[in-house]
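Visitor: Take a look at this one; I'll ask things after.
The values are calculated or read from the model by the stated rules, or taken from the named source; none is laboratory data. Everything quoted here is computed from the prediction, not taken from an experiment. A quick note on method: Cβ atoms are made from the backbone with ideal geometry, for glycine too, and the neighbour counts reach across all protein chains shown.
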Amino acid sequence: MSDPILLDQPKPGISRITLNRPDDMNTLTIGLVDALHDALSTVHADHDCRAVVLTGAGRAFCAGLDLKGYGTIPGTESFGAPQQGMAVAQHITEIVHKMRSIRQPIIAAINGAAAGGGFAWACASDIRYCSDNAKFGTAFIRLGISGCDIGVSWTLPRLIGVSRAWELIYTGRVIDAAEAERLGIVSRSVPPENLMDTALGVAEEIAANSPFGIWMTKEVLWSNLETPSIRAGIDIENRTQILALQTEDSKAAMSGFLSGNIPDWKNR
């Protein structure tokens, strides 16, 4: 059997994570989710990596849960059905927390269907691009369960506003790439053959900046989605800026800015 997750480095400083169950539209199983946990941990520990591209193999990004069976979380074999279900839910949703916590921005290159968990992981990415043939759907409510799952009820309203998000979540309707771009779910929709180049091009732009600056920017951006006031948000910004100004990279960048020289980032 092929590895359910592929991890490679298509460009210097850029890691690519590919969901690799193309015959099953990259649907979620315990094997795929375990492997994605491992890949995200590997990327987080790679201090040469500045940006991550997340994509799918074949014709789908990720079509959600594998309805043929997810698998049993080790150690829960004797649990009741609700307890086993909760263990599975936490296993999948922990990916969202890990995507948030790694220091590198994640760019979703959505190459096809993104439904259920796939839609949730796309929403949890920092930036999203899609191919013209991509389809999107929250899907959960169409399975007879709550439409609120895997963080979508938190991420989607912040991406496109409450009314639009709630319409998609309540109805579970499928939207195409053009509507996803119009709503603001994705930054851009491009022909399929241009999708990876688009994502990698933006990843290269990100990777050209200082590693500590990227790391701190990601932390502040996500933290400020949760802060209760602009004062609290600015307080976080101020402290982060003063911290970053103390780095050798920042001092070199300040000096080089006046002469037009881009520093060789040392992450010091």
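Visitor: Does any residue of region 237-251 turn out to be surrounded by 15 or more Cβ atoms within 10 Å (Cβ to Cβ) and of a type in the set (A, V, I, L, M)?
Guide: Taking every residue of region 237-251 in turn, at least one turns out to be surrounded by 15 or more Cβ atoms within 10 Å (Cβ to Cβ) and of a type in the set (A, V, I, L, M).
Visitor: Related question: Taking the criterion of being in contact (Cβ under 8 Å) with a residue 60 or more places away in the chain and either of a type in the set (Lys, Arg) or touching a His at 6+ places or on another chain (Cβ under 9 Å) (or both), would at least one residue in region 18-29 satisfy it?
Guide: Among the residues of region 18-29, not one is in contact (Cβ under 8 Å) with a residue 60 or more places away in the chain and either of a type in the set (Lys, Arg) or touching a His at 6+ places or on another chain (Cβ under 9 Å) (or both), which makes the answer no.
Visitor: Between a first residue in region 172-186 that is farther than 13 Å from Leu156 by Cβ and modelled with pLDDT of 95 or more and a second residue that is aliphatic (A, V, I, L, M) and surrounded by 20 or more Cβ atoms within 10 Å (Cβ to Cβ), which pairs have beta carbons less than 7 Å apart while being 6 or more apart in sequence or on different chains?
Guide: Final answer for the pair search is Ala177/Ala134.
Visitor: Which of the numbered conditions does Leu156 fail, given that it passes all the others? Conditions: (1) touching a strand residue (DSSP E or B) at 6+ places or on another chain (Cβ under 8 Å); (2) surrounded by 21 or more Cβ atoms within 10 Å (Cβ to Cβ); (3) hydrophobic (A, V, I, L, M, F, W, C).
Guide: If we test Leu156 against (1) touching a strand residue (DSSP E or B) at 6+ places or on another chain (Cβ under 8 Å); (2) surrounded by 21 or more Cβ atoms within 10 Å (Cβ to Cβ); (3) hydrophobic (A, V, I, L, M, F, W, C), just (1) comes out false.
Visitor: For residues that are within 30 Å of Ala45 (Cα to Cα), of a type in the set (Gly, Ala, Ser) and in a helix (DSSP H, G or I), tally how many sit in region 172-224.
Guide: 6
Visitor: Just the residues that are over 17 Å from Ala108 (Cβ atoms), modelled with pLDDT of 95 or more and among the polar types (S, T, N, Q), please, taken from region 133-169.
Guide: The answer is Ser153, Ser163.
Visitor: Now for a different question. If you check Asn224, Asn209, which single one turns out to be in contact with a helix residue (DSSP H, G or I) (Cβ under 7 Å, 6 or more places away or on another chain) and either crowded, with 17+ Cβ neighbours inside 10 Å or not basic (Lys, Arg) (or both)?
Guide: Being in contact with a helix residue (DSSP H, G or I) (Cβ under 7 Å, 6 or more places away or on another chain) and either crowded, with 17+ Cβ neighbours inside 10 Å or not basic (Lys, Arg) (or both) holds for just one of Asn224, Asn209, which is Asn224.
Visitor: To continue, here is another question. Strands (runs of 3 or more DSSP E) wholly in region 13-132 with at least 3 residues that are surrounded by fewer than 24 Cβ atoms within 10 Å (Cβ to Cβ) and at pLDDT 95 or above - which ones?
Guide: Result: 14-19.
Visitor: Restricting to region 79-130, name every residue that is closer than 17 Å to Ile17 by Cβ and free of Cβ contacts under 8 Å to residues at least 24 places away in the same chain.
Guide: Answer for region 79-130, where residues must be closer than 17 Å to Ile17 by Cβ and free of Cβ contacts under 8 Å to residues at least 24 places away in the same chain: just His97.
Visitor: Being in a helix (DSSP H, G or I) and surrounded by 12 or more Cβ atoms within 10 Å (Cβ to Cβ) is the filter here; which residues of region 252-268 pass it?
Guide: The answer is Ala252, Ala253, Gly256.
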